[in-house]
Amino acid sequence: MKKVTVVIVGGGGRGTIYAKHILEMRDKVEVVAIAEPREYFRNRIGDMFNLPPYRRVCDWRELIAMGKIADAVVIATQDRYHLEPALAFAEQKYHIMIEKPIAPTAEDCRKIVNTANANGVMMAVCHVLRYSNYTRKLKELINDGVIGKVMTVQHLEPVGHWRYAHSYVRGNWRKTEESSSILLAKSIHDLDWISYIVDSECDSITSYGSLMFFTPENRPEGAADRCLECPLEKECAYSAPRFYINRIRQNIKGAYVESVVENPTEERMLEALKTSPYGRCVFACDNDVVDHQVVNMEFKNGATAVFTLAGCSKYGDRRTTVFGSKGELFGDGNKLFYYNYLNGETRDIEIPPCNPTDNHGGGDYNLLESFTKAIAENDPSYIVTGADVSLKTHIEVFAAEKSRLEKRLVKLEEMLN
């Protein structure tokens, strides 16, 4: 099998995760260039692969100007910066692995998908939950008829109070206009996963949700605009210093900390919290995305599903029950159980182990492996999140937001024009 070459566009949290996994499979795939405007993140990936200076560029347009220098591109920029590079690399016939969402609007999603298809390039959208060892096992059991017909699915994503505050109150995804709805930015994973499990196209959808808690009206009396100046900081569950400083002390310096300050130390973090958006009181921000949402789905095969997003929650794994005509499967991404209606027995289902550094149960690694296999063998069947499949998922999300805003049931056929 030939070695696949890749360029990475966007060296932040997701770009770095994929770069690290590429190191683990370096006999099959190699990074040959990185485009990232921030020097620290650009050089971190550049150093991983000993890239020469001219292959460490600030702007993806510099890579386009070099001509086609690799088989594929990994696009891991902020959501609103996907469109231009995706179109440009597709025109140069790079195969594309792109972070979800494809783009913040249905129109831009269609542009990217149509351009990829027109140029005959393979495209994998990073719906990593489909690729996890847990999902693969669950899907295998459903396909084998273990629970009979899938009747309905109940699926919960507890985002975590601190994680929600970081990304959707203080952070880059706090404003719909600057990013997208939280359903698109965060939980498109989940609607995509549900559709994959049900194995049918969504026919109609309703959704409810609002920004209920993280508003100025709920600001405690006496609270300051910034946590470092606030007399209530020690009794607040959303204290920025407590969250970020504790993570540094525990040597947990991943994307949540590095998005506030590069190469973090306690001193640098405290300085950053004096001025950066991440030091603000959660009741004194300019956020507008919802902090809780439910989505109800009806599929063409008659099955139904309900998805719940909880911003105010204990951080944890997604929890799911798939109700079938013969039994149930329920789990949390790590553990899976089967209940048999006939004999009333419950048994554990063994899930193959995955890389402990993969936060998506093997999904990140398996996605990358499937994408590179598809390229090496010229076989798109390895990709279960292709362009056309993912476009349908995105349309479901746009339909759910239309339902929430207009307070009505939306038929998916409405969204096709």
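Points worth noting:
- Using the Cβ-Cβ distance between residue 59 and residue 217 with R0 = 45 Å, the FRET efficiency computed as 1/(1 + (r/R0)^6) comes to roughly 0.60.
- Summing charges over neighbours of residue 155, with a neighbour being any other residue whose Cβ is under 12 Å away from its Cβ, gives -3 when K and R count +1 and D and E count -1.
- Chain lengthening between residue 346 and residue 110 when straightened (0.36 nm per residue, less Cα-Cα): 80.5 nm
- This ranking places 164, 131, 94 by how few other beta-carbon atoms lie within 10 Å of each, fewest first, which gives 131, 94, 164.
- Amide H to amide H, with H built 1.01 Å from N, residue 324 comes under 5 Å of 151, 329, counting only residues 5 or more places away or on other chains.
- Alpha carbon centroid spacing (whole Å) that separates the range 258-337 from the range 356-406: 18 Å
- At R0 = 30 Å, FRET efficiency that the Cβ-Cβ distance of residue 265 and residue 26 yields, to 0.05: 0.45
- For the range 273-417: rounded, prolate or oblate by the Cα gyration tensor [a/c cutoff 1.5]: rounded
- Here the label points at residue 143 and residue 250, each 7 Å from Cα along the C-beta direction, are separated by 3.7 nm in the simple model.
Values quoted throughout were computed directly from the atomic coordinates according to the rules given, and no laboratory measurement underlies them. This is a predicted model, so every value here is computed, not measured. FYI the Cβ positions are ideal-geometry reconstructions off the backbone, even for glycines, and counts take in every protein chain you see.
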